[in-house]
Each structure stands twice: as structure tokens, then as C-alpha cells.
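Coordinate-derived values only; no laboratory data. Computed from a prediction, not measured in an experiment: that's the story for all the values here. No Cβ is skipped: glycine too gets one built from the backbone with ideal geometry, and neighbour counts run over all protein chains shown.
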Amino acid sequence: MKNWFFLLLLNCCFITAVLAQPQRERIEALKKEFLAKKLDLTSDEAAKFWPVYNNYRKEMGDAYHERRQKRGGHGWGNNLSPNTELAFETRILNLKKKYQKEFSEVLPAQKVEQFYMAEREFREQLIKQLKHRNNE
């Protein structure tokens, strides 16, 4: 349960950290560069992967945006009812299942696994950098 909450907190931190549009675009560009390097995509894989990835990011972003709106525009605290929170978590899980399948259709299984690990690694590095900047 603690791990699940920590992962949820990291996702919220990441989303909150990139609310400013120009900064969000810059971070997304850095993330794409990071993922491309980590996944070592062939040109054929890249042509198939990036459209799926873009849809994945949009749907996940929409889900988190909707959650923030239900919380009154901020991402912190838990003023949602347990049923609303469960509905959100179910939506996120269903999106992850959907895109696990879609990524598996365009990438080898090993690269799909690497994608999720690389995405987590990028988020962790971003959080560390933000903490470091805040401490200065």
C-alpha cells in the first residue's frame, strides 16, 4: 500500500512540476530524448512507437487533469470521496493495460519493459533535480 501511494505521489509531483506550458513542453522534449536513447529504437520502431506514446501521454494527462479539477484545481490532498478516488485509480489502471497492449504491438516485449523503467527513471531524475533546485 505504501509503494502504491508513493508511486501515486510521484505521478502527482511530476504533473504538478510541469504545469507551466513552456516548461512542460521543454520537459516533454527532454523526456522523449531520454526515452529514445534508453530504448535505442530503430527507425521502424520509432515510427510506430511515437504516435502510440503521444496518445498514451495525452490520455494519461487528461485523466490527471480531470482529477486535479475534481480536487479544486490543485493536485495535493485527498478531498475526493473514496469512490471517486477508486474510479480515478481504475481509469489509470485501465489506461495502463490498454497501452501495455498497444506498446506490445509496436515494440518487442523487452523494449516495452524498458520503456516503463525508463519512464520511471526519468520521473525520478526530474524530481531529484527539482528538489535540488528548491534547496538552492
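Key figures
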| read-out | value |
| --- | --- |
| Viscosity 1.002 mPa s, 20 °C: Kirkwood-radius Stokes-Einstein D of the stretch 65-136 over Cα pairs, µm²/s | 144 µm²/s |
| Cross-link reach list, lysines versus Lys37, counting only Cα pairs under 25 Å and skipping chain neighbours closer than eight places | Lys48, Lys58, Lys96, Lys97, Lys98, Lys101, Lys111, Lys128, Lys131 |
| Burial ordering of Ser104, Ser43, Ser81, fewest other beta-carbon atoms within 10 Å first | Ser43, Ser81, Ser104 |
